[in-house]
1. For a protection proxy built on the mean count of beta-carbon atoms within 10 angstrom, sort 39-50, 105-116 highest first, please.
2. Using the 10 angstrom Cβ neighbour count as an exposure proxy, how do C141, C121 rank, fewest first?
3. Taking the number of other C-beta atoms within 10 Å as the exposure measure, put S17, S137 in order starting with the fewest.
4. What whole-number distance in Å separates the alpha-carbon centres of the range 56-88 and the range 1-36?
5. Please report the projected area of the range 18-78's Cα convex hull averaged over all directions, in nm².
6. Helix-derived [θ] at 222 nm for the chain: sum -39500 (n - 2.57) over DSSP H runs of at least 4, divide by residue count, nearest 500?
7. Take every Cα pair under 8 Å in the range 1-80 that's 6+ residues apart, average their separations, divide by the length, and report that relative contact order as a whole percent.
8. Please work out which option in [x] 14.6, 48; [y] 16.3, 54; [z] 15.4, 44 gives Rg and Dmax of the Cα atoms in Å calculated from these coordinates, and answer with its label.
Amino acid sequence: MDDTIEAAALWAAIVRSGTTHLVGVPDNGSRGLFAAAWQDRRVDVVLVTREGEAMALAAGLHVGGARPMLLLQNTGLLEAGDAFRGTLYNMGIPVVMIVGYRGYSSLEPGAERVDTAASFCEPTLRAWNIPYYMLRSGRDCGLLATAAQSALQASLPAAVLYPGELR
């Protein structure tokens with residue numbers, strides 16, 4: 001499997017969605033998307049130091065009338081569980097979380113080592129009742145709109161997962 005998603009394709013889907021703010025913590029997997037965002041500037045980019053901070057900021061932006069989207073890694077999602085519960089979930093914030101699926105390839109049969117960040121990702125999303133969609137190629141970027149519709153209908157967060165890097 002080619003686990004590279006074109007950042008430009010995902011960025012175009014973010015812009016089409018009406019997102020006003022992209023909030024997140026840059027990492028190696030998301031650097032291409034952040035680079036696209038900084039060049040384009042149609043969406044405000046807000047960098048934070050922790051994913052829990054991103055969730056609280058997204059909640060505040062939403063309450064203020066903005067349409068934020070989160071960009072984080074699965075490890076950060078796991079770390080931010082209480083912030084997710086206490087803000088996004090309890091407040092009913094319909095935000096889309098774009099989640100880097102660190103370690104996804106380690107789940108393949110015969111992989112030398114399993115990255116536990118990957119093995120906990122989908123079970124945690126299911127346990128937290130977060131609907132999620134998997135981007136496997138640039139052709140799947142339309143799933144961002146599906147996730148946004150799901151979030152709006154339920155007035156709860158939804159997630160889009162991507163393995164590998166956004167280039």
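Readers should treat all values here as calculations from the given coordinates under stated rules, not as data from a laboratory. The shown structure was predicted, so the numbers you read here are calculated from the model rather than taken from an experiment. Using ideal geometry, Cβ is built from the backbone for each residue, glycine included, and neighbour counts are taken over all protein chains shown.
1. Details: 39-50: 13.3, 105-116: 10.6.
Packing order, densest peptide first, comes out as 39-50, 105-116.
2. On the way: C141 21, C121 26.
The fewest-first ordering by Cβ neighbours comes to C141, C121.
3. Numbers: S17 17, S137 14.
The fewest-first ordering by Cβ neighbours comes to S137, S17.
4. About 17 Å separates the Cα centre of the range 56-88 from the one of the range 1-36.
5. Details: hull surface 15.9 nm².
Result: a mean projected hull area of 4.0 nm².
6. Values: 6 runs with 63 residues, N = 167.
Per the formula, -11500 deg cm²/dmol.
7. Values: 97 pairs, mean separation 29.8, N = 80.
After rounding, I find 37 percent.
8. Of the labelled values, this structure produces [x].
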